[in-house]
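**Q** One structure follows; several queries about it will come next.
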Amino acid sequence: MAKENSGNTFTYYYNDKLLVSKEGIEWLCKNCFKQKYLELLEEYKMELTEKYIEAGYVYDEFFGIN
């Protein structure tokens, strides 16, 4: 597999297609998608909290922490 590197270590062209290396995918996940994932996770957590409170559960006692 011949790589034609465009100076970027994360992408290269092969048979006129732009490919992203494994390291490039890891970089994207760590630097670009992580923040969006954390935002979605926080929204989901708040929705669950609201459902627990509406159902009459005490939020802190539900997890058995306090």
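**Q** Could you check the spin-label model distance between L18 and K34? Points 7 Å from the Cα along Cα→Cβ, value in nm.
**A** 2.4
**Q** Using θ = phi - 60° and the Karplus relation 6.51 cos²θ - 1.76 cosθ + 1.60, list the HN-Hα couplings for segment 14-21 in order, rounded to whole Hz, with x at every Gly or Pro.
**A** Calculated HN-Hα couplings, in order: 9, 6, 6, 10, 7, 10, 10, 6 Hz.
**Q** Follow-up question, since we're still on this one. Between L41 and V58, what length comes free when the chain is fully extended (0.36 nm per residue of separation minus the Cα-Cα distance, one decimal in nm)?
**A** Numbers: separation 17, 0.36 × 17 = 6.12 nm, distance 2.09 nm.
Between L41 and V58, full extension yields 4.0 nm more.
**Q** Let me ask another. Full-extension gain between I25 and K51, please, as 0.36 nm times their residue separation minus the C-alpha to C-alpha distance. Walk me through the intermediate numbers first.
**A** Values: separation 26, 0.36 × 26 = 9.36 nm, distance 3.58 nm.
5.8 nm is the gain from fully extending I25 to K51.
Each value in this text was obtained by applying a stated rule to the coordinates, not by laboratory testing. As the structure is a computational prediction, the values presented were derived from the model and not from experiment. In this analysis, Cβ positions are derived from the backbone assuming ideal geometry, glycine residues included, and neighbour counts consider all displayed protein chains.
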